[in-house]
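Engineer: Quick one: the structure is below, questions incoming.
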Amino acid sequence: MLFSSTIFLFVFLPIVLLVYHLVPRFFRNGWLLVASLFFYAWGEPKFVLLMLASILINYLFALMVDTYRHRVGIKLVMASMVITNLALLGWFKYSGFFMASLNQTLQTELFVPEVVLPIGISFFTFQAMSYVIDVYREAGKVQKNPLDLALYIALFPQLIAGPIVRYETVANEINDRQETLPDFALGVRRFIIGLSKKLILANGCGQVADAVFKMNDLSMGLAWIGIIAYALQIYFDFSGYSDMAIGLGLMFGFHFLENFNYPYIAKSVSEFWRRWHISLGSWFRDYVYIPLGGNRVSPLKQYRNLAVVWMLTGLWHGASWTFVAWGAYYGIWIMLEKAFLGKLLRRVPVISTIWTLLLVLVGWVFFRATTFPDALEYLRAMFIPTEVWDERASYQLVQNGVILLLAAVAATPLPKILGQWVVERLGKVGQTIQYGYAMVLLFLATSALVASTFNPFIYFRF
């Protein structure tokens with residue numbers, strides 16, 4: 001079930017909110033868990049069993065870790081936990097890719113399983129693993145109630161596309177949270193902003209990107225229009241979903257951490273990844289990079305650590321060599337910034353922002369393309385074209401230039417700065433204007449939803 005769907009907006013969410021705020025507090029967690037399982041089962045009922053199995057396995061592992069943390073075999077327990085989780089994730093997400101790659105490399109005809117990817121498996125697997133690891137590190141307390149742990153992992157606002165919520169972030173709020181009217185109002189406004197990002201900006205830019213990427217013999221202008229549209233689509237698609245998740249959390253008394261911080265104004269690739277999908281970057285930092293030694297080792301080992309993290313980051317996003325190349329691409333640039341490039345970029349702020357944006361756009365080509373030849377052909381059109389401009393580029397610019405410009409401005413802090421200025425100058429009147437603006441956005445977003453059949457969500461495949 002999509003947040004940006006009529007069934008969610010006009011049936012599921014109103015019913016869940018109404019019952020949640022009517023029932024006694026003792027029953028609220030149970031109701032949220034039932035609603036979350038129903039939400040996940042809406043598209044793929046059978047995979048609810050897989051998620052429940054993951055919850056049960058990690059619940060038992062955490063109890064074992066808490067009980068035997070000072071015993072000799074505790075590291076074997078932790079290794080078993082990691083292997084079990086990665087085996088589940090690996091079978092559903094990577095088994096077909098692995099066998100197909102093996103057949104291609106060895107020229108064999110081994111069986112290639114056709115496994116349907118459960119929605120959100122990467123997100124709930126990483127959350128479950130982080131919970132057990134934090135219990136092992138004594139960074140969080142073990143949860144003795146399996147239903148409360150199930151609520152943490154299955155909570156529908158962040159279940160299928162994040163942000164990856166650490167258990168310590170919401171541990172206290174699972175059984176001791178206070179729902180307030182200001183939080184609820186803020187959550188509604190945040191949800192509407194995210195919904196508008198998705199339905200107006202992401203979908204508008206996505207139609208341009210899809211149209212361009214289906215074309216052949218691109219001119220330079222058309223190729224750049226297409227990749228800029230895709231960069232804006234994926235940002236508003238995912239950050240919009242994160243906004244909706246954070247807003248929904250506030251409606252139920254949960255406070256999730258921010259997941260995006262205007263990544264396209266970054267002055268380096270390293271900074272870009274501190275601003276983009278923050279929960280994923282911090283997960284790899286805390287559970288992979290730092291345990292490998294992080295920055296506290298020799299430069300050569302530090303580069304090794306970065307290589308491991310970025311190979312895994314690429315694979316996390318998809319079972320394809322183009323994703324591996326995408327991860328390696330960022331890993332190489334971050335290594336270069338660690339070595340010398342970062343110092344140079346800090347001396348030229350404006351140029352560094354343009355440079356970083358250019359690198360990110362090139363990276364999105366590998367992310368969007370289906371195969372390496374497709375990616376290389378698209379890059380050729382961007383940088384070594386046979387034609388600089390054509391009628392198709394003019395058409396896309398005339399027809400969609402306004403939405404692309406609006407999206408480009410919205411991807412900067414300017415709208416937020418303007419909103420803060422209005423509140424500071426006008427006080428309560430300014431706040432009223434903000435909520436009135438949100439209502440206008442809600443009307444426009446729902447109108448777009450009803451009028452359009454184009455409503456993809458890129459991060460569902462992760």
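Engineer: Are there any pairs, at least 6 apart or on different chains, whose C-beta atoms fall under 8 Å, with the first in the stretch 167-188 and touching a residue at least 24 places away in the same chain (Cβ under 8 Å) and the second of a type in the set (Lys, Arg), and if so, which?
Structural biologist: ALA171/LYS141
Engineer: In this structure, is ALA438 farther than 15 Å from ILE227 by Cα, touching a residue at least 24 places away in the same chain (Cβ under 8 Å) and among the aliphatic types (A, V, I, L, M)?
Structural biologist: In short, yes.
Engineer: For the stretch 261-374, which fully contained helices (runs of 4 or more DSSP H) count at least 3 residues that are crowded, with 17+ Cβ neighbours inside 10 Å and at negative phi?
Structural biologist: Ranges flagged: 269-275, 278-284, 299-317, 321-336, 349-368.
Engineer: For the stretch 202-215, indicate whether the set of residues that are assigned to a loop (DSSP other than H, G, I, E, B) and touching a helix residue (DSSP H, G or I) at 6+ places or on another chain (Cβ under 9 Å) is non-empty.
Structural biologist: Within the stretch 202-215, one or more residues are assigned to a loop (DSSP other than H, G, I, E, B) and touching a helix residue (DSSP H, G or I) at 6+ places or on another chain (Cβ under 9 Å).
Engineer: From the list PHE12, PHE38, PHE3, PHE8, exactly one residue is open to solvent by 70 Å² or more (accessible area, probe 1.4 Å) and of a type outside the set (Ser, Thr, Tyr). Which is it?
Structural biologist: The conditions single out PHE38.
Rundown of residues vs (1) over 30 Å from ASN172 (Cβ atoms); (2) out of contact with any Lys or Arg (no Cβ under 8 Å at 6 or more places or on another chain); (3) of a type in the set (Val, Ile, Thr), yes/no style:
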residue: ASP243; (1), (2), (3): no, no, no
residue: LEU250; (1), (2), (3): no, no, no
residue: GLU258; (1), (2), (3): no, yes, no
residue: ASN261; (1), (2), (3): no, no, no
residue: ALA266; (1), (2), (3): yes, no, no
residue: TRP273; (1), (2), (3): no, yes, no
residue: ILE278; (1), (2), (3): no, yes, yes
residue: HIS317; (1), (2), (3): yes, yes, no
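Conditions tested, residue by residue: (1) open to solvent by 60 Å² or more (accessible area, probe 1.4 Å); (2) modelled with pLDDT of 85 or more; (3) under 21 Å from the mean Cα position of the chain (by Cα).
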residue	(1), (2), (3)
TYR136	yes, yes, no
GLN143	no, yes, no
PHE156	no, yes, yes
ASN172	yes, yes, no
ARG177	no, yes, no
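Engineer: In the stretch 246-260, what count of residues is obtained for those that are part of a helix (DSSP H, G or I), of a type in the set (A, V, I, L, M, F, W, C) and under 25 Å from LEU414 (Cβ atoms)?
Structural biologist: Total meeting the criteria: 2.
Engineer: Another question, then. Can you tell me which residue in the stretch 255-272 is nearest to ILE403 (Cα to Cα), limited to those that are hydrophobic (A, V, I, L, M, F, W, C) and either touching a strand residue (DSSP E or B) at 6+ places or on another chain (Cβ under 6 Å) or modelled with pLDDT of 95 or more (or both)?
Structural biologist: Looking at the filtered set, the residue picked out is ILE265.
Engineer: Continuing with the same structure: Right, PRO113: surrounded by fewer than 23 Cβ atoms within 10 Å (Cβ to Cβ), at pLDDT 90 or above and assigned by the TED database to the domain that holds VAL82 or not? Please lay out each step first, then the result.
Structural biologist: Numbers: surrounded by fewer than 23 Cβ atoms within 10 Å (Cβ to Cβ): yes; at pLDDT 90 or above: no; assigned by the TED database to the domain that holds VAL82: yes.
Criteria not met by PRO113.
To keep it simple, each residue is scored yes or no on (1) surrounded by 15 or more Cβ atoms within 10 Å (Cβ to Cβ); (2) at pLDDT 90 or above; (3) outside the structural domain of GLY253 (by the TED database); (4) in contact with a strand residue (DSSP E or B) (Cβ under 9 Å, 6 or more places away or on another chain).
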| position | (1), (2), (3), (4) |
| --- | --- |
| PRO45 | no, no, yes, no |
| LEU49 | no, yes, yes, no |
| ILE57 | yes, yes, yes, no |
| VAL65 | yes, yes, yes, no |
| MET81 | yes, yes, yes, no |
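Engineer: Would you check if there is a residue in the stretch 224-235 being of a type outside the set (Val, Ile, Thr) and open to solvent by 20 Å² or more (accessible area, probe 1.4 Å)?
Structural biologist: Yes, because at least one residue in the stretch 224-235 is of a type outside the set (Val, Ile, Thr) and open to solvent by 20 Å² or more (accessible area, probe 1.4 Å).
Engineer: Does LEU102 satisfy the condition of being assigned to a helix (DSSP H, G or I) and open to solvent by 30 Å² or more (accessible area, probe 1.4 Å)?
Structural biologist: yes
Engineer: What number of residues within the stretch 426-435 are in contact with a helix residue (DSSP H, G or I) (Cβ under 7 Å, 6 or more places away or on another chain) and loosely packed, with under 12 Cβ neighbours inside 10 Å?
Structural biologist: So the answer is 0.
Engineer: Could you say which residue among ALA448, ALA438 is part of a helix (DSSP H, G or I), open to solvent by less than 90 Å² (accessible area, probe 1.4 Å) and more than 18 Å from ARG190 (Cα to Cα)?
Structural biologist: Of ALA448, ALA438, the one residue that is part of a helix (DSSP H, G or I), open to solvent by less than 90 Å² (accessible area, probe 1.4 Å) and more than 18 Å from ARG190 (Cα to Cα) is ALA448.
The values are calculated or read from the model by the stated rules, or taken from the named source; none is laboratory data. Given the structure is predicted, the values throughout are model-derived calculations rather than measurements. Positions of Cβ are generated from backbone atoms using ideal geometry, with glycine treated the same way; all protein chains shown enter the neighbour counts. These area figures cover heavy atoms from the full protein model, side chains too; ligands, DNA and RNA do not enter into them. Shrake-Rupley method; radii C 1.70, N 1.55, O 1.52, S 1.80 Å.
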